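Step one of this worksheet: look at the structure below.
The values are calculated or read from the model by the stated rules, or taken from the named source; none is laboratory data. Model, not experiment: these values are computed from the prediction. Backbone-built Cβ (ideal geometry, glycine too); neighbour counts: all protein chains shown. All accessible areas refer to the heavy atoms of the entire protein, side chains included, with ligands and DNA or RNA removed. Shrake-Rupley method; radii C 1.70, N 1.55, O 1.52, S 1.80 Å.
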Amino acid sequence: ITPASLPMMKEADGQILVPFCVESSLSGVGRRVGKDEVLWYRTTIASPESWEKTLLHFDAVDWAADVYVNGELALSHTGGFTAFSLDVTEALKNGPAEIAVRVFDPTDDPAWSIPRGKQVCNPNGIWYTPVTGIWQTVWMENVPEAGYIADYNVRTDISTGEIAVTAICEGAAEGDEIAVEVLRPKIGYNPEKPGC
């Protein structure tokens, strides 16, 4: 945890267990980040040479995250409840890469208007302790250069039994088809008794 004015963390204060927010005792820190402070994470990642394309995914970071790869700003993201990812393939071509994440979270600072639910700096009654930093899983994924599914949306219609799947693909040619297989659960499913 450093003053927000510092451009980069110099040395770590200690270790934090991800994906627990810094305020949580499960993180191993259990400390609040002040309104004029930022939280830094730093680690080193490596990728096997056989991987074609390597993506680094963050499922949620509260609230504003700047991700640095080998000291260079690679991505900025705001929003404590949305996932984001970045391609780290080039950074890993010559060996391990250093990842640093700078997190700023104004929580209930009146100068900022951000979604925060019941999080407040002085929790009491129905108000909760703030959640700052990486609070969902961070993971790497190997994907083929030829194309991969980046995201998908499933829409169902209970009255007709229809299921529509829309895939968001990266690197795939326009009009490429994707096969979808819908499976029914075998344990506890009885077609004679819907709901069982």
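Given a 1.4 angstrom probe, I'd like the percentage of the accessible area of the chain that is carbon and sulfur, rounded to a whole number. Working shown, then result.
Working: 6750 of 13030 Å².
Carbon and sulfur: 52 percent of the exposed surface of the chain.
Need the full-extension length gain, I163 to D13, defined as separation in residues times 0.36 nm minus the C-alpha distance. One decimal, nm.
Taking I163 through D13 to full extension adds about 49.0 nm, to one decimal.
Considering the chain as a Gaussian network with a 10 Å cut-off on Cα pairs, which listed residue, G161, G117, G28, attains the greatest mean-square fluctuation?
With Cα springs under 10 Å in the chain, the top fluctuation among G161, G117, G28 is at G161.
If you keep only loop residues by DSSP, which trypsin sites (Lys or Arg not before Pro) in segment 6-84 have at most 12 other Cβ atoms within 10 Å of their Cβ?
K10
What GluC sites (Glu not before Pro) in segment 37-88 are in a loop by DSSP, with at most 15 other Cβ atoms within 10 Å of the Cβ?
Answer in residue order: E49, E52.
For segment 81-130, what is the Kirkwood estimate of the hydrodynamic radius, computed as the reciprocal of the mean inverse distance between distinct Cα atoms, to one decimal in Å?
After inverting the pairwise mean of 1/r, the radius is 14.3 Å.
Count neighbours as other Cβ atoms within 10 Å of each site's Cβ, and list the trypsin sites (Lys or Arg not before Pro) in segment 68-162 that are DSSP loop with at most 12 such neighbours. Don't skip to the end; give the middle numbers.
Values: sites: K93, R102, R116, K118, R155; in loops: K93, R116, K118.
Sparse-neighbourhood loop trypsin sites (Lys or Arg not before Pro): K93, K118.
If you split all Cα-Cα distances of the chain into 5 Å bins from zero, what percentages do you get per bin, shortest first?
Going out from 0 Å in 5 Å bins, the chain shows 1, 6, 12, 15, 14, 12, 10, 11, 9, 6, 3, 1, 0, 0 percent.
Going by Cα centres, segment 129-154 and segment 55-77 are how many Å apart?
Measuring centre to centre over Cα atoms gives 12 Å.
What Kirkwood hydrodynamic radius, in Å, does segment 1-80 give when the mean of 1/r is taken over all pairs of distinct Cα atoms and then inverted?
14.4 Å
Mind giving me the FRET efficiency for E170 and N94? R0 is 30 Å, r the Cβ-Cβ distance, nearest 0.05 is fine.
0.80
Label points 7 Å out from Cα along the Cβ direction at L75 and N142: separation in nm?
Output for this residue pair reads 2.0 nm.
Would you mind checking K53/K93; K35/K118; K10/K118 for any pair whose Cα atoms are more than 22 angstrom apart?
Working: K53/K93 10 Å; K35/K118 17 Å; K10/K118 33 Å.
Among K53/K93; K35/K118; K10/K118, the Cα-Cα distance tops 22 Å for K10/K118.
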